[in-house]
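Encoded as structure tokens, the structure appears first; notes follow it.
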Amino acid sequence: MKISNSEYARRRRNLMAMMEPNSIAIIPSAREVRRSRDTEYPFRQDSDFYYLSGFKEPDAVLVLIPGRAHGEFVMFCRDRDEAGELWHGRRAGPSGACEQFAADDAFPIGDADEILPGLIEGRDRVYYSMGRSTRFDRQIMEWVNTIRSKEATGAVPPGEFTDLDHMLHDLRLVKSAAEQKLMRRAGEITAGAHRHIMGQCRPGMFEYQLEAELHHQFALGGARHPAYLSIVGSGANACTLHYVENSAKMRDGDLVLVDAGCEFEYYAADVTRTFPVNGRFSPEQLAIYNLVLAAHDATIAQVRAGNHWNQPHDASVRVITAGLVELGLLEGEVDELIETQAYRDFYMHRVGHWLGLDVHDVGDYRVGNEWRVLEAGMVLTVEPGIYIAPQATSVARKWRGIGVRIEDDVLVTREGCEILTEGAPRTAAEIEAVMAAP
Ligand code: GLY
Ligand code: MN
Ligand code: MN
């Protein structure tokens, strides 16, 4: 299950079709990052670079030059090196970049300073991702200055520099059939792992032990890495939105919020489930849980091609606000509470975000002054939540310290949507049944 070379070629063609005539696009790979002394963080290719090439090595630069007679797709990458490869593993080398990754031309990365100015020279416009890496911004200017230094000999530096992100990220936003397949698998592995840990959870276990069970399931499913730092927050830790310490002992009577998704073949899943540590919801926990679930249902009902980006969010706000009034956590008229955003004391984030090669994936949420219209093939999360801080003295004590989020990954289809993560138990009854099973 992989993206084919012909799909990578199609992506490059699509991007080149959006570029102005006589232009060049330059995309650097990710770099290895030191973790401590001589160890590194696990290397993960830059998503834009990977989207256009499928190439997984660091120290590479991808260049697209539409209409170039000697080939439109040029790669710079690490040279083959017998001793280096003996220690660190195989490199494709420039010949591999051509043979396995379909580059038209490829050179050792060490030759980039010599060759790239020549590729840029005479082009009117350079596309690159501006301001993401000061190092790369500077690198582009150095290559351009090399051309400027030769102006007296007739060299012509480019006059226009354009951010590449907007165009490239528009392409990444709509997922192909092959991408949808990979995201479906990422969703299945992740949903299965959430189901699994519900069966494992016991009072007295530590949050990191649940995390370990979850990551074990990811890896067994073929997804070695989580797509982001997993959140396992029991009790009031669930009210810290980005709690990743995962160090507390889980207590009888508390809920635990687990926000974790695997990365499968570079595609992210992003799932949250909240369940009682002892397997049974208390009445207050159940009331909040069912309210979040109702918001989740109302949100999903708004995910369909033709609706705009904010319609699902608005639906979640309305259900949560009305429910909080009903439970006595907010006082007043629902419309007015929505208008004044009173719900934000308890529901302070958006209902979702794009999902893809990155967990908070790329793509504009507005086009001009309008919310983006959903199209078949877009993937987003649906993740309403209610968080009642332990210090929320404006509410009755029985509610304090309860935090609930329910998050699924959803593919927009023409008729509505497909939930990619529906294998994870979602209703309170399903959760209690899974947790009670022997
Ligand atoms: N796990 C990050 C998020 O839900 O957005
Ligand atoms: Mn999440
Ligand atoms: Mn999310």
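Remarks
- Positions within region 219-237 being more than 15 Å from ligand 3 (Cβ to nearest atom) and not in a loop (DSSP other than H, G, I, E, B), in sequence order: Ala219, Leu220, His225, Val232, Ser234, Gly235, Ala236, Asn237
- Residue within region 365-385 that is under 29 Å from Gln285 (Cα atoms) and among the polar types (S, T, N, Q) present: yes
- Looking only at region 356-394, and only at residues there that are out of contact with any Asp or Glu (no Cβ under 7 Å at 6 or more places or on another chain) and charged (D, E, K, R), the one that is farthest from ligand 1 (Cβ to nearest atom): Glu370
- Those helices (runs of 4 or more DSSP H) of region 82-194 in which at least 1 residues are hydroxyl-bearing (Ser, Thr, Tyr) and either modelled with pLDDT of 95 or more or on the phi < 0 side of the Ramachandran plot (or both), considering only elements entirely within it, cover 93-99, 134-148.
- If you filter region 253-284 down to residues that are among the acidic types (Asp, Glu) and in a strand (DSSP E or B), you find that the one that is nearest to ligand 3 (Cβ to nearest atom) is Asp259.
- From the list Ser133, Ser176, the one residue that fits, being closer than 23 Å to Leu355 by Cβ and among the polar types (S, T, N, Q), is Ser176.
- All of Gly401, Gly423, Gly385 fail the test of being among the small types (Gly, Ala, Ser) and within 16 Å of ligand 3 (Cβ to nearest atom), apart from Gly385.
- From Val74, Val61, residue being surrounded by fewer than 21 Cβ atoms within 10 Å (Cβ to Cβ), touching a Leu at 6+ places or on another chain (Cβ under 9 Å) and without any contact (Cβ under 8 Å) to a residue 60 or more places away in the chain: Val61
- Meets criteria (in a loop (DSSP other than H, G, I, E, B) and out of contact with any helix residue (DSSP H, G or I) (no Cβ under 6 Å at 6 or more places or on another chain)) for Pro42: yes
- Filtered residue count, region 344-373, keeping only those that are crowded, with 21+ Cβ neighbours inside 10 Å and over 28 Å from Leu411 (Cβ atoms): 1
- The set of residues from region 237-254 being within 26 Å of the chain's Cα centre (by Cα), more than 16 Å from ligand 1 (Cβ to nearest atom) and more than 15 Å from Tyr208 (Cβ to Cβ) is empty.
The values are calculated or read from the model by the stated rules, or taken from the named source; none is laboratory data. Fair warning: this is a prediction, and the values are worked out from it, not measured in the lab. As a convention, Cβ positions derive from the backbone with ideal geometry for all residues, glycine included, and neighbour counts pool all protein chains shown.
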